[in-house]
1. What's the local net charge at A:Pro138, with K and R +1, D and E -1, over the other residues with C-beta under 9 Å away?
2. Given a Förster distance of 35 angstrom, what is the FRET efficiency for B:Leu455 paired with B:Ala52, based on the Cβ-Cβ distance and rounded to 0.05?
3. I need two numbers for chain B: Rg to one decimal and Dmax as a whole number, Cα atoms only, in Å.
4. State the cysteines of chain B left without a partner when partners are defined as other cysteines whose beta carbon lies under 4.7 Å away.
5. Taking θ = phi - 60°, what integer Hz values does the Karplus form 6.51 cos²θ - 1.76 cosθ + 1.60 yield along the stretch B:209-223, in sequence order, with x for Gly and Pro?
6. Put a dot 7 Å past each Cα toward the Cβ at A:Arg28 and B:Ala315; how far apart are the dots in nm?
7. Obtain the radius of gyration and the Kirkwood radius of the protein assembly as shown from its C-alpha atoms and give Rg over Rh.
8. Identify, among B:Leu150, B:Ser287, B:Tyr206, the residue whose Cα sits farthest towards the positive end of the charge dipole of the protein assembly as shown, taking +1 on the Cβ of Lys and Arg and -1 on the Cβ of Asp and Glu, with the dipole about the Cα centre.
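Read-outs throughout are calculated quantities, based only on the coordinates presented, and are distinct from any laboratory measurement. Everything numeric in this text was worked out from a predicted model, so none of it was measured. Heads up, the Cβs are rebuilt from the backbone with ideal geometry, glycines too, and the neighbour counts pull from every protein chain shown.
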Amino acid sequence: MQVALFATCLVDAFFPRAGQATVALLERLGHEVVLPREQTCCGQMHINSGYPDQALALIRRHVTTFEPYDVVVAPSASCVGCARHQHPTVARRLGDTALADRAEALAARTYDLSEFLVDVLGVTDVGASYPHRVTLHPTCHSLRMVRVGDRPLRLLRAVRGIDLVEMPGADACCGFGGTFAVKNSDVSTAMLSDKLRDILTVRAEVVTAGDVSCLMHIDGGLTRLRTGTRAVHLAEILASTDG
Amino acid sequence: MTFLGMPTAPRGVGRLRGDAPFPVAARAALTDTQLRRNIGHATETIRARRAALVAEMPDWEQLRRAGEAIKADTLARLPEVLVQLEEQVTAAGGTVHWARDAIEANAIVTSLVQATGADEVVKIKSMVTQEIGLNEALAAAGITAHETDLAELIVQLGHDRPSHIVVPAIHRNRTEIRDIFRRAMPGVRPDLTDDPPQLAEAARTYLRRKFLSARVAVSGANFAVAETGTVVIVESEGNGRMCLTLPEVLITVMGIEKVIPTFADLEVFLQLLPRSATGERMNPYTSMWTGVTAGDGPREFHLVLLDNGRTATLADPDGRAALHCIRCGACLNVCPVYERVGGHAYGSVYPGPIGAVITPQLTGVADNPDLPFASTLCGACFDACPVRIDIPSMLVHLRARAVASKGASLERGVFGAIAWTLRSPRRFSAAIRLARLGRLLGRRRDRISRLPWPLSRWTVARDAPRPPRQSLREWWRSRPTKPGAGE
């Protein structure tokens, strides 16, 4: 199957390893991956910060870029959630119904990585090996916007050598929230400190998630405090064949 | 001067505006470690109770959808439903008053109390009378209002403000309550301990005298049934039942969105509300009354229908579902922001996620531009809401209105520049190359520990990622074999 990788701007610019891992994983499973070069950003930050007017051109670019492909996969539930739920709404509210319809059609074949693996490919054991103590931060948008449910956990449980531990209060927000982390820095930090406590309580070596944005936030706290626990994208674990 | 044309809906006035912007008030609240402990403990307890009781309901999702549908239908034909309510209440011997805003409502209630000659009233816990600042308005007219709900009494005696829609003293623990009672409750025993039965007994003794002497009671309303003119109060302590039956005159203030069309609609809401609000299958006291009944209960009944920004809210198709709210507080109990800062930081009497969408709509978003941003959009509120109010989407919608109300700003310029960059893959690639200079900042630890304002608000507590040597698109181009062209 040919898969267009919706890399997301954050992965492209700051966390290419999550994108490389997604490519490696999908190719290992026998699929052809393409990276449409016209892609930039889905516009989520602009939409959620109150600038849907500025996001409209980004939505149009996203839809035009990915429209030719049968399947679009992103290593980010948050960006998939934006494309699926916000693109049609914003386009419609700003009067571009044609774009809204196109966005809706594209959204129907746009998947978060865990959805794509479990629902479309029908695999939970992707042949990975990762001999580390890992805890999953399920992420708010994975759980409550895209509703991936336990798909990431099912994928992780099938990884060889993994010591998977559940952190307390796993479904609680880490406090990132996009510009919230800057506009309400103090509240965001208070939420992060509780999330770090829960990660450290289960003595995880690695915290993983399906979104680099939450991981960037959690990693920022983990490294600031020199905890020795690292943040790794789900795709990197699933792509791994170490040990 | 007045002009002909479309009438404008009044803006909400009353206790809907705080003294400080949310981020500032929240920062102060975060330093109150006792408050964080009290609220963290209380919300965790209610969350667990609610979750257990919702899980035992096989038709919970259908009930939520039914609640949503009834509210949407009611709002779609609000004028006719309200007029029907007025007719039925009047036919049953009650008197209906219409108040455009808090000032009018307070004036109506004050004059009604003055007409009885009473100088004190007993009150049932009500959000709407908190919204309009009724106690303060009555005090200005020489009338003392006595709160009879235990938590509202704690708030009132402590010269405090409610911090939760259902549990107004959630920010207080029992030791603090003992101190407030010892300090401010007339006739309290000086050796009062913080044992909950002792605290309840002290309040009961104090309040019993008020119930027996008061001639006027003031309440809010959980529901008002248009087809019968029946008003409904749901409560836990029995103080409401005392207020609704003992005094001679009963004055009920309700927001116009509290009306429901039929008595059968209560079937849905009386299942949704107690489970969501207090984690109970059924609340201990549900009182319903229809006008006045000779020889039974109050001889006079007044119903004050309050707008105070609700019609303006109804005018916005993307925001009007906020009026579906049945004031259960479930969204507060699951909100990670509320859990850490408490209710006072929101400024308005309506805190938490629902407060962040109701308050700016009642006052106009320009008066509360920070509240729609007081959320990470984590979505826990939507999942907990018994009438399926999509609070996260509404917050996003209100953010756009808040930004628009500010017009040109430095922030708009910055976002515009970012959007301009992202509109072209070439400019985006150039920006990535430029950001790579940031690698210098992260030499020592492979992380960046300090960035200039406004990103300093990130690095104050968190490291920032060091830009990688190669972006994903650069790596893609450098791949030796490309099975898919993708160009």
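1. Details: positive: none; negative: A:Asp150, A:Asp171.
After counting each charged neighbour, the total is -2.
2. Numbers: r = 43 Å, r/R0 = 1.22.
Taking R0 as 35 Å, the efficiency between B:Leu455 and B:Ala52 is 0.25.
3. Values for chain B (Cα only, Rg and Dmax): 26.1, 93 Å.
4. B:Cys243, B:Cys325, B:Cys328, B:Cys335, B:Cys385
5. 4, 5, 4, 6, 9, 6, 9, 10, 10, 10, 9, x, 8, 7, 8
6. About 5.9 nm separates the two model spin labels.
7. 1.01
8. B:Leu150
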